[in-house]
Amino acid sequence: MKHRPWPVVIIGFIHLFEPLLNLVVTYYFTGVKPSLYLKFLFSQGSVLPILGFLAFPIAGIAILAYRKWSLF
């Protein structure tokens, strides 16, 4: 297989840009500014919200980094 299937690439990019999309959608529907949202996220005193925020980009990198022959 020379190229990755396009659905896998799309899913990888969606996962990679999910935090940015999350900020945009939150601002659009609730009016909460992204800076206030991030300040609240990082001021929780726990690592879990930050890990939850970073889990999708890590998954996106993992999806895009798999070897081309791994689908077989």
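None of the figures in this text is laboratory data; all of them are computed from the coordinates on show. Worth saying up front: this structure is predicted, and the values here are computed from it rather than measured. Every residue, glycine as well, gets a Cβ built from its backbone with ideal geometry; the counts of neighbours run over all protein chains shown.
I need the full set of residues from region 15-28 which are closer than 17 Å to L64 by Cβ and loosely packed, with under 14 Cβ neighbours inside 10 Å, in order please.
Listed by number, the residues that qualify are L20, L21.
Once region 43-63 is narrowed to residues that are among the hydrophobic types (A, V, I, L, M, F, W, C) and surrounded by fewer than 11 Cβ atoms within 10 Å (Cβ to Cβ), the residue that is nearest to the chain's Cα centre (by Cα) is L51.
With the requirement that a residue be touching a Ser or Thr at 6+ places or on another chain (Cβ under 7 Å) and outside any loop (DSSP other than H, G, I, E, B), what does region 6-50 give you? Once the filter is applied, which keeps residues that are touching a Ser or Thr at 6+ places or on another chain (Cβ under 7 Å) and outside any loop (DSSP other than H, G, I, E, B), region 6-50 yields only Y37.
Yes/no matrix, rows are residues, columns are (1) among the β-branched types (V, I, T); (2) in contact (Cβ under 8 Å) with a residue 12 or more places away in the chain:
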| residue | (1), (2) |
| --- | --- |
| H3 | no, yes |
| F13 | no, yes |
| V24 | yes, no |
| Y28 | no, no |
| P34 | no, no |
| P49 | no, no |
| L64 | no, yes |
